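Input: a single structure, listed below in C-alpha cells.
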Amino acid sequence: MAARAYWQGQIRLALVSIPVEIYSATRSGASISFRQIHEPSGKPISYEKVVTGIGPIDTDEIMKGYQVEKGEYVLLDQDEIDAVKLESKKTLELTQFVDADEIDVLYYEKPYFVVPADDLAEEAFIVLREALKRTKKVGLGQLAMRGREYVVSLKPCGRGMVLETLRYADEVHKAQGYFRDIPDAKPDGELLDLAEALIAKKTAKFDPAEFHDRYVDALKGLIERKRKSKTNRKIIDDKDDGGGRSGSNVVDLMAALKKSMEKGGRGAAAKAPAKKAVAAKKAVAAKKPAAKKRA
C-alpha cells in the first residue's frame, strides 16, 4: 500500500489480538489560501512577535500561558507539556459493543481505514468483521495516538473496517438548549403527505461525486480571470443567476410543495422571473440617453 500508515498496532478482543494498520480515510479539500500583501510594494506582509511596551522579542523567550484569572497566567514550557502527552499504546482493546444507531452523529469526528497488518492477521480480522456485520454492532474502545487519547468506534466497511474517533461528551453541546423554543405541534396531514411525496420523488442513491464546492470553483475562476487580465483591477461578475429572493417573505407552503412536485427540476420556477427581470433592465437601459463624453 502506497500510503503511510497513521498507526500500527493490534486490536484486542478478550484473548484474541489482531495486528492491524490504520490509514486516514479523508483528505483536505481543495481550499483556497491567501497571503496579506502590501499593495504599494507588492510584497507579502510578515508578522513579528511583539510585547506591548517592549517591542520585538526573541522566540526563545516565549512560553505557553494558561489564564486562571484575568491577568494571571500559569506558565509552562514545551518540555513540561510534552511530558504529559500519553504514549501511543500499540493496543486498541474493544471494551464495549453498541448498536450503530445508539451513537449520535454529533460524536463522530474523523474516519480511518483499518486493514490487517499481514497475511497471518487476515483470518482473525475477517472473523471480527463478519461478527460485527451479523450482530449489527459497533465496537468501542480508547486509543492513544500522537499524544492524545481518543474514544474510537470500529465497524465493518466493505472488505475492511473503519475506525472513527469520537468526541467526548463535554465537547458536544446539548441539543435541548437550541431546540426548546420549537413548538411541539403536529403538522397538517395534507402538507405532510405532499412533503413525503416530494422526498420519495427525489430519493436516489448517494453519489458524493455529484457534489462539489461551488465557492472554491468560483474563487478559482476569479483568480484565473485576474491572472489572465494581468491587472490588479477588481473583476465584478454581474451575471444574474436568478437566485434572488422573492419580494414577499410570506411563502405559501402548500403551493410551493405542489409546484415542486409538478416541476421536478431544480430551480425551474425561479428561472422565468429572472429572465423577465433581465429583459426589463435592458429595456430601461435602451430608453436612457447616452452619457456625454468628458473632454
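For every other residue with a beta carbon closer than 12 angstrom to the beta carbon of residue 105, add +1 if it is Lys or Arg and -1 if Asp or Glu, then tell me the sum.
-4
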Neighbour-count ranking for 69, 93 (other C-beta within 10 angstrom, fewest to most) reads 69, 93
The residues 91, 26, sorted from fewest to most surrounding Cβ atoms within 10 Å, come out as 26, 91
For the pair residue 101 and residue 54, how long in nm is the line joining their label points, each one 7 Å along Cα→Cβ? 5.9 nm
Rounded to the nearest whole Å³, what is the per residue volume of the convex hull around the Cα atoms of the range 34-123? 335 Å³
Using the Cβ atoms and a cut-off under 15 Å, what net charge is assigned to the surroundings of residue 59, where Lys and Arg are +1 and Asp and Glu are -1? -3
Do any of 201/258; 133/201; 110/174; 110/202; 85/110 go past 24 Å between their Cα atoms, and which? 133/201; 110/202
I want to check the label-to-label distance for residue 171 and residue 140. Put each point 7 Å from Cα in the C-beta direction and report it in nm to one decimal. 1.5 nm
Calculated FRET value between residue 45 and residue 188, using beta carbons and R₀ = 51 Å, to 0.05: 0.35
Residues residue 198 and residue 38, FRET efficiency given R0 of 51 Å [Cβ-Cβ distance, rounded to 0.05]: 0.45
Total charge dipole magnitude, the range 56-169, about the Cα centre, Cβ charges on Lys, Arg, Asp, Glu only, Debye to nearest 20: 800 debye
Dipole of the range 1-113 [Lys/Arg +1, Asp/Glu -1 at C-beta], most positive-end residue of 111, 10, 32: 32
The set of residues whose placed amide H lies less than 5 Å from the amide H of residue 110, leaving out same-chain residues fewer than 5 positions away, is 165
Give me the dipole magnitude in Debye, nearest 20, for the range 73-137 about the Cα centre, with unit charges on the beta carbon: positive for Lys and Arg, negative for Asp and Glu. 380 debye
Residues 27, 134 in order from fewest to most other beta-carbon atoms within 10 Å are 27, 134
Give the calculated FRET efficiency between residue 26 and residue 223 to the nearest 0.05, with a Förster radius of 30 Å applied to their Cβ-Cβ distance. 0.75
Phi angles of the range 102-119, converted by Karplus (6.51 cos²θ - 1.76 cosθ + 1.60, θ = phi - 60°) into ³J(HN,Hα) in whole Hz with x for Gly and Pro, give 6, 8, 5, 4, 5, 7, 6, 10, 9, x, 9, 7, 10, 9, x, 6, 7, 4
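Taken together, the values in this text are just the output of simple stated rules run on the coordinates, not laboratory data. Every value quoted in this text rests on a predicted model; they were computed, and no experiment measured them. Heads up, the Cβs are rebuilt from the backbone with ideal geometry, glycines too, and the neighbour counts pull from every protein chain shown.
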